[in-house]
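The values are calculated or read from the model by the stated rules, or taken from the named source; none is laboratory data. Predicted model, so just to flag it, every value in this text is computed and none were measured. Quick reminder, even Gly has a Cβ in these numbers, built from the backbone with ideal geometry, and neighbours come from all protein chains shown.
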Amino acid sequence: MARKASLSGFPEWLPNERLVELHVLDTLRRTFELHGFGNIETRAVETVGQLLRKGEIDKEVYGLSRLQADEGEAAGTDPNALALHFDLTVPFARYVVENAGHLAFPFRRYQIQKVWRGERPQDGRFREFTQADVDVVGDGALPFRYDVELALVIADALGALPIGEFTVRVNNRKLAEGFYRGLGLEDTAAVLRSIDKLEKIGAEKVAELLVAEIGATDEQAHAALALASIRTADTSFVDQVRALGVEHELLDEGLAELTEVIEAASQRAPGTVVADLSIARGLDYYTGTVYETVLVGHEKLGSICSGGRYESLASKGNRVFPGVGLSIGVSRLVSRLLADGGLQATRDVPSAVLVALNDDDSWYTAQDVATALRGRGIAVEVAAKAEKFGKQIRYADRRGIPFVWFTAADGSHEVKDIRSGDQVAADPQTWTPPAEDLQPGITTS
RNA sequence: GUGGGUAUAGCUCAGUUGGCAGAGCGUCUGGUUGUGGUCCAGAAGGUCGCGGGUUCAAGCCCCGUUACUCACCCCA
């Protein structure tokens, strides 16, 4: 865990840490836009009824009330009460329905916002955190091809980040459900919930769960676990599933879909996208492809990016808007990069140059130097007091500002690289720092 | 919501059978009249989470409380 905020679960970064987060956000924005996704922002609040439309997660939701509200106004029972959104998918679905007349489908959008969940905070789990979502939503129907595209978009986006190796694990709900039905297990949601714990509690415990809670036979539990143990980086999972001898129409459909995703991904993003038939995803609105992403070596952190295909999250009359998309847990990712990745910004401030003062009167001519440099896109600050040069240099050093600018009494200029100590004559109208010093960079310590 | 752990300087932590509040790092000042980092000397900085109790005496023992933290649940 990186530095903790005084209020648990509501992280606040220091300027240097925020630069790392901004770098992540900027990179995601650029990548999403390179793939043709436009941006929207939805309001932070939704009605309780809207948020809880899909599932029983009410205890996660932070309600909103006026301090002087009447008692009856308290959130909880009234579906018109306001609450903070706990993800961006549900508000997005609402937004699509409301603005359907103004949107061009398939609608591609990305959305980067804070979300809130009223849970016990833990390592990598927050009450207030930033998610970065990318989704495509269609009107009536959405070609399966988008399930493939989204896997590639996310592989590209994560690949552009300084996060080391990661694995996008992909499964398909139809495949899993068809398999369980073929086995004779009808409560597929319950099976999925148990299978989802595989990585955490192990195969034996999951088998016990399946037998105890769902009433599966040992044979059925064994087969379900056999399916969940299949992981391949190519399409060989198909043969492995077939070898288990289960038949179901939905299973065939799921196998075909997953094959398409893995086939394309193994060519365009080799090694990062794998078929993993243990991936379940808790949310029940997913209907086909499901994605989950872990950092290699940080599996215990949990998923840093997940999502899937939802066939009917949004509907308006008899019009449905199926979609597919993923959500990156930016805060979780950044907190881990800062703590274990040792990632940090090369300096705490944007300034590339500090203009030093000879005496307090030279502040005005120093501003002229600063203005000239800023005119060429160089971030500059001017010393406030004509302290000893040693102190002015130390001021820059403390903040990581790489250059200190000196203007002599005769009007001549010199600039010093305080890392190397090199000091050379310079002209405010033409001097430019090396490109890598223009803005704070990101490095591992 | 349930269970365990922790709480002392800005940070990381010592603090003996209860006896005047400590270290390292960081910060600030100085080391002879303006070019930092090393080194040396000095200084500042604490309601020992909060409230009560036991005691001549509590950072330490007891009770309560709050916060943080780990696990469960759920999830990015």
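Quick notes on this structure:
- Selection of segment A:230-243 for residues being assigned to a loop (DSSP other than H, G, I, E, B) and without any contact (Cβ under 8 Å) to a residue 24 or more places away in the chain yields only A:SER236.
- So A:ALA83, is it away from RNA strand B (no atom under 11 Å from the Cβ), modelled with pLDDT under 95 and closer than 30 Å to A:ALA275 by Cβ: no
- Within segment A:350-379, residues that are part of a strand (DSSP E or B) have Cβ atoms under 6 Å from residues that are buried (at least 21 other Cβ atoms within 10 Å of the Cβ) and aromatic (Phe, Trp, Tyr) in these pairs: A:VAL353/A:PHE403; A:VAL353/A:TRP405; A:VAL355/A:TRP405, counting only partners at least 6 apart in sequence or on another chain.
- Sole residue being within 16 Å of RNA strand B (Cβ to nearest atom), of a type in the set (Asp, Glu) and touching a residue at least 60 places away in the same chain (Cβ under 8 Å), chosen from A:GLU299, A:GLU260, A:GLU249, A:GLU253: A:GLU299
- Just one of the listed residues (A:GLY390, A:GLY421, A:GLY411) is assigned to a helix (DSSP H, G or I), of a type outside the set (S, T, N, Q) and farther than 23 Å from A:VAL20 by Cα, and it is A:GLY390.
- The set of residues from segment A:405-445 being hydrophobic (A, V, I, L, M, F, W, C), over 30 Å from A:ARG336 (Cα atoms) and either near RNA strand B (Cβ under 9 Å from one of its atoms) or surrounded by fewer than 17 Cβ atoms within 10 Å (Cβ to Cβ) (or both) comprises A:PHE406, A:ALA408, A:ALA409, A:ILE418, A:VAL424, A:ALA425.
- Residues in segment A:91-139 that are closer than 19 Å to A:LEU313 by Cβ and of a type in the set (S, T, N, Q) were compared, and the one that is nearest to RNA strand B (Cβ to nearest atom) is A:GLN131.
- Verdict on A:ALA366 being farther than 21 Å from A:GLN439 by Cβ, buried (at least 20 other Cβ atoms within 10 Å of the Cβ) and more than 10 Å from RNA strand B (Cβ to nearest atom): yes
- All of A:GLY118, A:GLY76, A:GLY140, A:GLY72 fail the test of being on the phi > 0 side of the Ramachandran plot and either modelled with pLDDT under 90 or part of a strand (DSSP E or B) (or both), apart from A:GLY76.
- Pick from segment A:212-221, criterion touching a helix residue (DSSP H, G or I) at 6+ places or on another chain (Cβ under 7 Å) and assigned to a helix (DSSP H, G or I), ranking: modelled with the lowest pLDDT: A:GLU213
- Subset tally (residues that are more than 10 Å from RNA strand B (Cβ to nearest atom) and surrounded by 14 or more Cβ atoms within 10 Å (Cβ to Cβ)) for segment A:377-404: 7
- Every residue from segment A:344-373 that is small (Gly, Ala, Ser) and over 16 Å from A:ALA426 (Cα atoms): A:ALA345, A:SER351, A:SER362
- Among residues that are among the aliphatic types (A, V, I, L, M), more than 31 Å from the chain's Cα centre (by Cα), buried (at least 16 other Cβ atoms within 10 Å of the Cβ) and away from RNA strand B (no atom under 16 Å from the Cβ), A:ALA207 is not included.
- Any hit, segment A:370-381, residues being assigned by TED's automatic domain parsing to the domain that holds A:ARG419 and under 30 Å from A:PHE37 (Cα atoms): yes
- Breaking point among (1) touching a Lys or Arg at 6+ places or on another chain (Cβ under 9 Å); (2) part of a strand (DSSP E or B), for A:SER315: (1)
- Evaluation of A:ASN358 against (1) more than 30 Å from A:GLY140 (Cβ to Cβ); (2) near RNA strand B (Cβ under 10 Å from one of its atoms); (3) assigned by TED's automatic domain parsing to the domain that holds A:ILE195 (one fails), failing number: (3)
- The set of residues in segment A:185-204 that are more than 11 Å from RNA strand B (Cβ to nearest atom) and more than 25 Å from A:THR259 (Cβ to Cβ) comprises A:GLU186, A:ASP187, A:GLY202, A:ALA203, A:GLU204.
- Per-region count, segment A:393-408, residues small (Gly, Ala, Ser) and part of a helix (DSSP H, G or I): 1
- When A:LEU152, A:LEU209 are checked against the criterion of being closer than 17 Å to A:GLU292 by Cβ, part of a helix (DSSP H, G or I) and assigned by TED's automatic domain parsing to the domain that holds A:LEU337, a single residue qualifies: A:LEU152.
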